[in-house]
Amino acid sequence: MVFPVRDVPWWGVLSSAAAPVLLVGGWTVAATLQPGSFDQVTQTISALAARGATDRWVMSLALLCVGACHVITGLALRPAASPGRILLMTGGVATVLVAAFPVPAGGGRSVPHTVAAAVAFIALAAWPALGGRRGPAVPWVLRPAACVGASAALLCLLGWFYVELGTGGMQFGLAERVAAGAQALWPFVVVITCYRRHDWDRIFCVAATVS
């Protein structure tokens, strides 16, 4: 009796599931802790972790944990091609650096923060295109067409954010959250698809052996 080995270990499922929960939960809780009215449509995630923000540790900790989750997920996502996994982990490390280099109080700019954020956004949007594989046994979510389509969609959302930011639009906070949320969610979609696929393979293997 031979069972196929799961390509994605259980801890990869946990890390990929935790990333979007921590990110959305972090910015939601941090926003409620701000004095007055914090508008998540017009204000960025970074403002919640900026120096001088109330309880800035909440968003900072969330970003640190999300970055660590991406690194762990990249290590666990064995069915994906190595360049994509490396880029996913790069995005995770850059996310940690976003928290490590907060923006100054009062909406000032920080070059290290800006560079880290740019690397994180671009890496997390582009990694699916480099993570695809070919072959009949490859899960649909890792086939070239799906991977390129996923990166195209993520890059479009990122483009929306940069357009809003560059033109002084009134929805750049919303655009950032949609783009960041989608980037955090996609690794979970990939992981759970691969993990469940091999669970079904195992069930079919057992059924074939019994019959």
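The values are calculated or read from the model by the stated rules, or taken from the named source; none is laboratory data. Just so we're clear, the structure is a prediction, and the values are computed from it rather than from any experiment. Glycine also receives a Cβ, built like all others from the backbone with ideal geometry; neighbour counts cover every protein chain displayed. Areas reflect the complete protein model, heavy atoms only, side chains present, ligands, DNA and RNA absent. Shrake-Rupley method; radii C 1.70, N 1.55, O 1.52, S 1.80 Å.
Per residue, the accessible area of the stretch 128-178 comes to 53 Å² when a 1.4 Å probe rolls over the protein heavy atoms. For the pair ALA145 and GLN171, label points projected 7 Å from Cα toward Cβ lie 3.0 nm apart. Rounded to 0.05, the FRET efficiency of the VAL21 and ARG133 pair, given R0 = 25 Å and the Cβ-Cβ distance, is 0.35.
What FRET efficiency comes out for the pair ALA152/ILE86, r = Cβ-Cβ distance, R0 = 25 Å, nearest 0.05?
0.80
How much of the accessible area of the chain, probe 1.4 Å, is carbon plus sulfur, in whole percent? C and S atoms contribute 72 percent here.
Other residues with beta-carbon under 11 Å from the beta-carbon of THR44 carry, at +1 per Lys or Arg and -1 per Asp or Glu, a net charge of -2.
On the basis of the beta-carbon distance and an R0 of 30 Å, VAL111 and TRP11 show a calculated FRET efficiency of 0.30.
Distance between the modelled labels on THR54 and THR32, one decimal in nanometres: 1.3 nm (7 Å Cα→Cβ projection). In the chain, the longest principal axis of the Cα atoms and the axis of helix 57-76 are about 20 degrees apart.
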